[in-house]
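Engineer: Take this structure first; my questions come after.
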Amino acid sequence: MTATDFDVVVVGAGRAGTAAAYKLAQSDLDVALVERAKQPGMKNVTGGVLYGQVVADLVPEFPEEAPLERHVVEHNIKLLHGDAEVSIGYRDMALREEPNYTLMLGKFDRWFVDRAVDEGAVFLPETTVRDVTQSRDHAVVHTDRENGDLTCEAVVGADGVNTTVGRATGIQRTMHNRDMALSVKQVIDVGRDTIEERFNLDSDEGAAYIYTGFPEGAPTIGYFIYTFDEYISVGAVGGLEVLRWLGDEGYGESGTPLYSLLEEFMELDTVRPYVQGESVQEYQGILLPELSYDSLPERYDRRVALVGDAAGLVLNKGYTFRGLDYGIKSGLLAAESAIAADRAGDWDGFGRRYDEWLEDSYVLEDMRQHRHLPKFLENERMYGAYPGIATETLRGMYSAGSDGEGLTWRQALQAFRRSDAGVLDLLKDGYRGFRSL
Amino acid sequence: MSVQDSLETVNWDVSEEAHITVDNDHCVTCEDKPCLHLCPAECFDYQEDQKGGIYFAYEPCVECGACMVFCANDPEKGAVSWSKSEGGKGVEFDFG
């Protein structure tokens, strides 16, 4: 038996990898946390809310001592249709009881890695992994450092959507446009007081806004606004395949750059009042896996396990994005599988056991329940006809110009008849929506 | 605000070695050139005098990986050779 450098090498110090390293170190395994950035968080981008119960269960200092931005007490879904917007807001003081926060990864990831190091994890920054190999009784993580090969019993691939671990080992299949969404985002300095006035928030409260319906009828394109302490982030998300062909701004007169859509979105009369700010502080771009349960790639091979975005564990529910907590949970399950392997002295079943536990966890339970949702969200009627029907119905209710057109339900029916959607479509979509939510 | 202005807010510690390269031979037969609008950092620029019309600069890359998916992984394209930037180099976000 070869003596290895570490029991486990975790590749990538995002939330998923750091959670794994924390848990492993806590159980006295020798663990290295390899990160290609100079400092944790520098390569990391999110446009999401941290549903933080998984962190609260792991780290006693969370949430009190963690660098968090705002406690989310309001979610808002906004359907855009021309100059109009129909929104469903949900604000609930009961949400204050849940540890759900907006966060900036530059601060949060650094804090989280420090906690893992406190537990005994060895943090190796400025190190890019180039390959991962397995032999009969160990695995090797090949890095771009001089003499940088790290031998270990097992590898946790937490290296994000473009996972080197997954590609080098052949665990992950080749990803294509239909599997991926692009997101671009601006962080804007708005000022604390202005944020609280504009979004109607108390001092530590935060809001998350999700928009669809612009450009009209363009499927899979969405936008978000999140409130931070003094900044807001405003971003756009769109499937690569849709962005490739939508509109006529690209070469050969097809396609639209996502940053152009974001600019146009921010100039809409219904949006501008929320996003006007002093200055743009940062611009970011990232890919997100846009897979359903049935199209998820493989996640393990013997001594190697993929977690978080590397395993495609992201779900666009239409009304919120989940991914941060899925990543953390999957990292913890990989750690637990390693702890079990260490106790049994049998590492060959490390990956398979992790995968079984992940299947039984709320992460894949959630993705299984929503397995038809990605298909449902690709439906163009969700982005054109239905926001249109909602807008026309409400216009009928509130605009004095439509007095005399009859009862509200009759106006709704007329709006529906004027739209491109048929009764059968509505019934089908309603059924699909019901099944996938 | 143009994307070029947006990119002014981003910091890089630029590596001497390109982590992404483009083989322009493949650009000659590429008809729709999605790189020109799908790269969020405008690393790809249309220039008449370049082979296949594509000029590529790795320096302003924000390391999203989109070009791996829409070009490198597309069997009909494949001009892009993609890898992660060298340890400690490349884009550096303050906020994320």
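Every number in this text was worked out from the coordinates using simple rules, so none of it is lab data. Just so we're clear, the structure is a prediction, and the values are computed from it rather than from any experiment. Note that we place each Cβ from the backbone using ideal geometry, even for glycine, and neighbour counts take in every protein chain shown.
Engineer: Calculate the length of the line joining the C-alpha centroid of the stretch B:77-95 to that of the stretch A:230-253, in whole Å.
Structural biologist: For the stretch B:77-95 versus the stretch A:230-253, the Cα centre distance is 21 Å.
Engineer: Extension gain residue A:426-residue A:372, at 0.36 nm per residue separation less the Cα-Cα distance, in nm?
Structural biologist: Full-extension gain reported as 17.8 nm.
Engineer: Using a Gaussian network model of chain A whose springs link C-alpha atoms within less than 10 Å, name the residue from A:21, A:310, A:84 with the highest mean-square fluctuation.
Structural biologist: Looking only at A:21, A:310, A:84, the biggest GNM fluctuation is shown by A:84.
Engineer: Let me ask something else. Quote the Stokes-Einstein diffusion coefficient, in whole µm² s⁻¹, for the stretch A:130-224, based on the Kirkwood radius over alpha carbon pairs, a temperature of 20 °C and a viscosity of 1.002 mPa s.
Structural biologist: Taking Rh from Cα pairs, D becomes 118 µm²/s.
Engineer: Along each of the three principal axes of the Cα atoms of the stretch A:217-373, give the extent in whole Å, ordering the values from largest to smallest.
Structural biologist: If we take the Cα atoms of the stretch A:217-373, the spans are 61, 40, 27 Å.
Engineer: Using only alpha-carbon positions, what ratio does the radius of gyration of the protein assembly as shown give when scaled by 2.2 N^0.38 Å?
Structural biologist: This ratio for the protein assembly as shown stands at 0.99.
Engineer: With point charges of +1 on the Cβ of Lys and Arg and -1 on the Cβ of Asp and Glu, referenced to the Cα centre of the protein assembly as shown, which listed residue (A:88, B:69, A:62) lies farthest in the positive direction of the dipole?
Structural biologist: A:88
Engineer: Here's a follow-up. Using amide H atoms built in the peptide plane, which far-off residues or other-chain residues are under 5 Å from residue A:255 H to H?
Structural biologist: When sequence neighbours closer than 5 places are left aside, the close amide H contacts are A:246, A:247, A:248, A:249, A:250.
Engineer: Can I ask one more? Grab the alpha carbons of chain B, take their convex hull, and tell me the volume per residue in Å³.
Structural biologist: 107 Å³
Engineer: Please go through the stretch B:1-77 and write out the GluC sites (Glu not before Pro) that DSSP classes as loop and that have at most 16 other C-beta atoms within 10 Å.
Structural biologist: Answer by residue number: B:8, B:16, B:17, B:31, B:48, B:76.
Engineer: For residue A:93 and residue A:340 in one chain, what is 0.36 nm times their gap in residues minus the Cα-Cα distance, to one decimal in nm?
Structural biologist: Full-extension gain reported as 84.9 nm.
Engineer: Sticking with this one: With the Cα gyration tensor of the stretch A:306-349 in hand, convert its eigenvalues to equivalent ellipsoid semi-axes via √(5λ) and list them largest first in whole Å.
Structural biologist: 28, 9, 5
Engineer: Relative to the longest principal axis of the C-alpha atoms of chain A, give the angle of the C-alpha long axis of helix A:350-360, reported between 0 and 90° and rounded to the nearest 10°.
Structural biologist: Helix A:350-360 and the main axis of chain A meet at about 30 degrees.
Engineer: Please compute, for the alpha-carbon atoms of the stretch B:1-41, the extent along each of the three principal axes and give them in descending order in Å.
Structural biologist: Computed over the Cα atoms, the extents are 35, 29, 9 Å.
Engineer: Place a label point 7 angstrom from the Cα of residue B:4 along the Cα-to-Cβ direction, then list the residues of the stretch B:45-78 whose backbone nitrogen is under 13 Å away.
Structural biologist: Answer for the stretch B:45-78: B:45-46.
Engineer: If eta is 0.890 mPa s and T is 25 °C, what Stokes-Einstein diffusion coefficient results for the stretch A:21-162, Kirkwood Rh from Cα pairs, in µm²/s?
Structural biologist: 137 µm²/s
Engineer: Can you show me the helix-derived [θ] at 222 nm for the protein assembly as shown, built from DSSP H runs with n ≥ 4 at -39,500 (n - 2.57) apiece and divided by the number of residues, rounded to the nearest 500.
Structural biologist: -8500 deg cm²/dmol
Engineer: By the gyration tensor of its Cα atoms, with a ≥ b ≥ c the square roots of the eigenvalues, what is the shape of the stretch A:174-216: rounded for a/c under 1.5, prolate for a/b over b/c, or oblate?
Structural biologist: Verdict is prolate for the stretch A:174-216.
Engineer: Sticking with this structure for a sec: Give the Rg/Rh ratio for the stretch A:297-423, taking Rg as the radius of gyration of the Cα atoms and Rh as the Kirkwood radius, to two decimals.
Structural biologist: Ratio of gyration radius to Kirkwood radius for the stretch A:297-423: 1.32.
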